[in-house]
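Here's the structure, in C-alpha cells; my notes come after.
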Amino acid sequence: MPTEEPPRPAGPRAHVLHEANYGQLLERRPNVAVLPWGATEAHNHHLPHGTDVVEATELAERAAGLAVASGARPVVLPAIPFGNNAQQQDQVATIHLSTATALAILRDVTDSLARQGIDRLVIVNGHGGNEFKPLVRDCQAATGVTIVVVDFWRLCPDVLAATFPDPGDHAGRLETSLLLHLRPAWVEMERCGSGAAVTRLPDGVRQANAWTPRPWSRVHPDTGSGDPLGSDAAAGRRFFEAAAASLAELLVTLSALPRGADLFG
C-alpha cells in the first residue's frame, strides 16, 4: 500500500465525482463509492460551522487517492453537509436533518448505486450525532449494496491516543488540530472558549451508564466539548495521514472483492 498519493494532476481527479468527467468514469468504472457525511453546526467560537464536512471530505479524498495508487477503483461522492442536530437548533444557522430524511437520502443513494452496478458503499462520518446503524440495516437489505460506516475519530486509536491524550469530543484538541492542518485560515484561536461542560447528568443516572441527548447549549455554553488550547497543525497532520492510510486499506480491500462477495464469507 503506497503511503504517498501521486502528485495531484492539473486536471480533474477521476476518483472525486465533483471533478470527474464522464469519459474518465467510463475509462475507470468505480466499484466502491465513498460518501462523506458531516453536519452544519457550531464548533465552539473558533472553528467553522462546516468542520465536520471538511474533515469527512478531506479524509475521503485523501484515502481514495491512496487507494487508487494501489489499483483500487473508488469514487468519492459529494458530501452530505447536514446531520442530526436536534438538540442544537437554538444555535445560529445550525441545520438539522431528521432521521427519516437521512434514511430517505441514504436509500436513494444506495438505490442509484445499485442500478449502476456499484455494490459497495463506505460512509465516512464526521459527526458524532449521526447514527447510521438502523439506516444501514434497512438500506442494505433493500438494495443489496454492502454498506460500511467509518467514524473518522475511531480510526487509528493507537495514533489518536499517542497524539491527543485529551482529544475532546467536539471542537476540542483533535478537531482543532485537524482544521489547523486542513484549513488554517478558517481557524481563529483567539475566539475559542474553554469547551468545558457547566452541568452534567445526576449521579443516579450516570452510575447506570445511561444515555440521553444533551441540551447542548445549556451543557456547553460555548458549544465546544473539550479544551482546544494546545492544538497543533503537525499533530493534526499526523492523525490525518494515519487515518487516511487506514481508510485507504479498507477501500483497497473492498475494491478487490468480486461483485456480490460476502464480507463475512
Which residue pairs have Cβ atoms under 8 Å apart, sit 6 or more places apart or on different chains, and have a first residue in the stretch 239-263 that is farther than 17 Å from Ile123 by Cα and of a type in the set (A, V, I, L, M) and a second that is in a loop (DSSP other than H, G, I, E, B) and at pLDDT 95 or above?
Ala242/Leu155; Ala242/Cys156; Ala256/Ala72
Within the stretch 158-180, can one find any residue that is more than 21 Å from Ser225 (Cα to Cα) and not aliphatic (A, V, I, L, M)?
yes
Inside the stretch 51-87, the number of residues satisfying the requirement of being among the hydroxyl-bearing types (Ser, Thr, Tyr) and under 19 Å from Leu251 (Cβ atoms) is 2
In the stretch 185-215, which residues are of a type in the set (Lys, Arg) and farther than 30 Å from Ala60 by Cβ?
Arg200, Arg206
Those residues of the stretch 89-131 which are surrounded by fewer than 18 Cβ atoms within 10 Å (Cβ to Cβ), closer than 30 Å to Leu174 by Cβ, touching a residue at least 24 places away in the same chain (Cβ under 8 Å) and not aliphatic (A, V, I, L, M), in sequence order
Asp90, Gln91, Thr99, Gly128, Glu131
Give me the pairs: first residue in the stretch 202-218 and touching a residue at least 12 places away in the same chain (Cβ under 8 Å) and among the charged types (D, E, K, R), second residue surrounded by 10 or more Cβ atoms within 10 Å (Cβ to Cβ) and in a loop (DSSP other than H, G, I, E, B), beta-carbon distance under 7 Å, and six or more apart or on different chains, which are they?
Arg218/Thr199
Tell me, yes or no, whether the stretch 223-237 has at least one residue that is touching a helix residue (DSSP H, G or I) at 6+ places or on another chain (Cβ under 6 Å), of a type in the set (D, E, K, R) and either at pLDDT 95 or above or crowded, with 21+ Cβ neighbours inside 10 Å (or both).
yes
Residue within the stretch 52-66 that is outside any helix (DSSP H, G or I) and either touching a Lys or Arg at 6+ places or on another chain (Cβ under 8 Å) or buried (at least 24 other Cβ atoms within 10 Å of the Cβ) (or both) present:
no
Residue identified as among the polar types (S, T, N, Q), touching a Phe, Trp or Tyr at 6+ places or on another chain (Cβ under 8 Å) and closer than 24 Å to Thr163 by Cβ among Ser177, Ser231:
Ser177
Please specify each residue of the stretch 144-184 satisfying the condition of being in contact with a strand residue (DSSP E or B) (Cβ under 9 Å, 6 or more places away or on another chain), more than 17 Å from Ala56 (Cα to Cα) and among the β-branched types (Val, Ile, Thr).
Val145, Thr146
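The values are calculated or read from the model by the stated rules, or taken from the named source; none is laboratory data. Worth saying up front: this structure is predicted, and the values here are computed from it rather than measured. Glycine gets a Cβ as well: all are built from the backbone with ideal geometry, and neighbour counts include every protein chain shown.
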